[in-house]
Amino acid sequence: MKLALLADIHANLEALAACLAHAGEQGAERHAFLGDLVGYGADPAAVVDLVQAHASRGAIVVRGNHDQAALEGESETMNQAAEQAIAWTRARLSDGQRAFLSGLPLLAREGDMVFVHASADAPSRWIYVSDPLRAAHSLEAAAGASYVFSGHVHEPVLYFTGQAARPVAFRPVPGVPIPVSPRRRWLAIVGAAGQPRDGNTAACYALLDTERATLTFQRVPYDWQAAAAKVRAAGLPVRLARRLAQGE
Amino acid sequence: MAGELPVPGAVIDGFRVGERIHSGGMGVIYRVSGPDAGFPMIMKIPRLGPGEPGEAVVTFEVERMVLQALRGPHVPRFVAAGDLADQPYLVMEWVEGRSLSEWVGKGPLATGEVVRLGSALATAVHALHLQEAIHLDVKPSNVILRPGGEAVLIDFGLAHHGHYPDLLAEEFRRPMGSAPYISPEQVVGIRNDPRSDVFSLGAVLYELATGEMPYGAPMTPSGLRSRLWRDPLPPRALVPSVPEWLQEIVLHCLEADPDERYASAAQVAFDLGHPDQVALTDRGRRRRRTGLGARLLRRVRAAGYEHRSLLRPGARVAAAPIVLAAIATQHTNEARNEALRAAVRKLVAPGEQTRLACVTVIRPATELVAADRDKAATSQRIKHLVLLRHWAESLKLPPGQVSYHVIEASDPAAALLEYARQNQVDHLVIGAPPRDVTLGGLLGTVSTKVSADAPCTVTVVRARS
């Protein structure tokens, strides 16, 4: 079975549609959405509807900090542009869309896989898994699972454990299937679909092939010009449009 | 996890286990027959039983991952693999030929033999680097020479591949690899620099040329570390018949600092193939180890040895290409020469890792009508060599970065293509004929033939005048 893993869509409908189409061509049969469906981008309602449709067909969906903020109000950790985007987003979600977001779990588990937006270690604290130590904490909290799939940090990274005390970080090469034996433990940050930040404008997602035990990180060029134009037209902070153009 | 080894006659996933041909610390190797692959096969089974080293598991995983990703004549062809969960095994091509260790025992070898074996090994190592892989355990027993002379690298248990997580990174505290051959940076745990293989290649060349190992076979960590600052005895001090240019090449590979080494194995092969073009420095001439000052300097540098490059192996090798400029020295055409220089200037900047080979093809002496053929041939060669040097002068490239080659051949296109293949040229720059030469276009010019069949990128330059 091929499972498409998407994180940090951030209301970027163009990026989401491009990733879903790419995953479809690659033979993805299931999807997991790793949080932050909204925030930053100009299409929160359409993105939530699309993800909800996938959820009704069995997709895994977990809540991110921006989803939470859109329900409850600003989070103290957010910068000004993010806060403005959240305020704008809140006014554009219907009751049904809000209900869907509030019904999402912070962490989902299926077999030897754990899905969480930030760290499996205290998911509601939105810890950035940005180094091997934090990856170790997340993996410890997900005891028994061979795979932890997350987002929150927008750059794709694969952490893996061996006999050494700490996991080792690996920067994946797009399109290369990486053997991920369930004998080891892996923490994959799949990269942001809707707001890449590594200098490459292409949307990120990852594809897990459960039969072959391989994980492929993908980069999908999408129409960021259209997404950025919508951000500007919506009156959202210009900086958020510029980020899409620069991929950072 | 299975720990038992199969008995001859057993069948694993359709492969019938034959004779056991090797039994080592990490695993056992059998000949196998089975689904016809079109070549003889072996099966490698790791030792995974209780009391066996944990390294066997990881090196098995590494070899399976890396071997599956590699192609070409310089690695054994991958056939099949069994999972660690039930019966771990690797089936691959049984490489016919002789182990390089057979030659090492007979050292010191004649210079011609060192060049032949060394070039074959350097070519194989470079082929690996171009595929993003670093062997990290290059030594005579891991090299097989096919009957045709091609070298094949075997045993990828310690290898690094830029496309895959390095399962051995930070895994084991002590350095991995074979003590007589591993590079100083491997001693301190760095595993992502293709120039580590260039160092090991130098250690093998040293051994072939002198019959001795450059650093002996140290058994202790401090013995291993000493190569970070102590250079080996120059080969000519051991075997005076080793030419200076060969010593230059060997010691250039064995520089403690990777930045001081050859930037690619292809450049080593290039120099081995063109001894007259090797730029001699103190390295080639010295009769004893370097002085205390140089050693102290290295020792200071070694103390702060921690360069963790983010470059992938392929990118590092790509930054050190060999560029061939084909200059038609028989036909003086200043506009074309200048256009060629302008194109080459964009590819080769002074002081960079890029190498420039200036090549001209002239008619063989046998085709010349001359009373004294040898004398005429020599003066012809010198004349064209002078023209080549003059063409390159204004590029202001330091010695060692540029070389000059006069080839005698009646078919210039075929000669250039052969040269590009032999020397693993990455980029060939050649002039187009003037546009009014319609007949040339009709018959197929040298540049069209070269660009159609070249093994590398070709830039065809046309002067706009």
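The order of the peptides B:38-44, B:385-391 by mean Cβ neighbours within 10 Å, most packed first, is B:38-44, B:385-391. By the Kirkwood approach, averaging reciprocal distances over each pair of separate Cα atoms, segment A:135-248 gets a hydrodynamic radius of 15.3 Å. Distance from the alpha carbon centroid of segment B:178-201 to that of segment B:101-153 works out to 16 angstrom.
Relative to the longest principal axis of the Cα atoms of chain B, the long axis of helix B:111-130 makes an angle of roughly 80 degrees.
Shape analysis of chain B places it in the prolate category; the axes a ≥ b ≥ c from the Cα gyration tensor give an a/c of at least 1.5, with a/b above b/c.
Close amide H pairs (under 5 Å, H built 1.01 Å from N) link B:Tyr404 with B:Cys358, residues at least 5 positions away or on another chain.
Pairwise over distinct Cα atoms, reciprocal of the mean inverse distance: report the Kirkwood radius of chain A in Å, one decimal place. Evaluated on chain A, it is 17.6 Å. Neighbour counts of C-beta atoms inside 10 Å place B:Glu207, B:Glu4, B:Glu63 in the sequence B:Glu4, B:Glu63, B:Glu207, starting with the fewest.
Put simply, the Cα atoms of the protein assembly as shown extend 101, 72, 59 Å along their principal axes, the longest span coming first.
Need the C-alpha centroid separation for segment A:73-122 versus segment A:160-180, integer Å. So the two Cα centres are separated by 27 Å. For chain A, the antiparallel share of DSSP beta bridges with both residues in that region comes to about 65%. Could you tell me how many degrees, from 0 to 90 and to the nearest 10, lie between the Cα long axis of helix B:55-69 and the main elongation axis, the longest principal axis, of the Cα atoms of chain B? So the inclination is approximately 40 degrees. With the cut-off at 1.5 for a/c, could you classify segment B:124-260 from its C-alpha gyration tensor as rounded, prolate or oblate? Verdict is oblate for segment B:124-260. With both residues required to sit in the protein assembly as shown, DSSP beta bridges show an antiparallel share near 60%.
Can you find, among A:Ile178, B:Leu356, B:Ala269, the residue sitting farthest towards the positive end of the charge dipole of the protein assembly as shown, where Lys and Arg contribute +1 and Asp and Glu -1 at Cβ? Of A:Ile178, B:Leu356, B:Ala269, it is B:Leu356.
Sorting the Cα pairs of segment A:65-141 by distance into bins of 10 Å, from 0 upward, gives 18, 40, 31, 11 percent per bin. Neighbour counts of other Cβ atoms within 10 Å put A:Tyr222, A:Tyr205, B:Tyr419 in the fewest-to-most order B:Tyr419, A:Tyr222, A:Tyr205. Here chain A is treated with +1 on each Lys and Arg Cβ and -1 on each Asp and Glu Cβ, and its dipole about the Cα centre works out to around 300 debye. Counting, for every residue in B:75-87, the Cβ atoms of other protein chains within 10 Å of its Cβ and taking the mean gives 1. Rounded to the nearest 20 debye, the dipole magnitude of chain B is 1440 debye, with +1 charges on Lys and Arg beta carbons, -1 on Asp and Glu beta carbons, and the Cα centre as origin. By DSSP, the beta bridges lying fully in chain B are antiparallel in about 55 percent of cases. Charge tally around A:Lys2: other residues with Cβ under 10 Å, Lys/Arg +1 each, Asp/Glu -1 each, net -1.
With a cut-off of 13 Å between beta carbons, the residues surrounding B:Val104 carry a summed charge of -1, where Lys and Arg count +1 and Asp and Glu -1.
Panel order for B:Cys456, B:Cys253, by other beta carbons found within 10 Å of each beta carbon, from fewest to most: B:Cys456, B:Cys253. In chain B, the longest principal axis of the Cα atoms and the axis of helix B:373-393 are about 80 degrees apart.
Throughout, read-outs are computed from the coordinates displayed, never taken from laboratory work. Fair warning: this is a prediction, and the values are worked out from it, not measured in the lab. All Cβ positions, glycine included, derive from the backbone under ideal geometry; neighbour counts span all protein chains shown.
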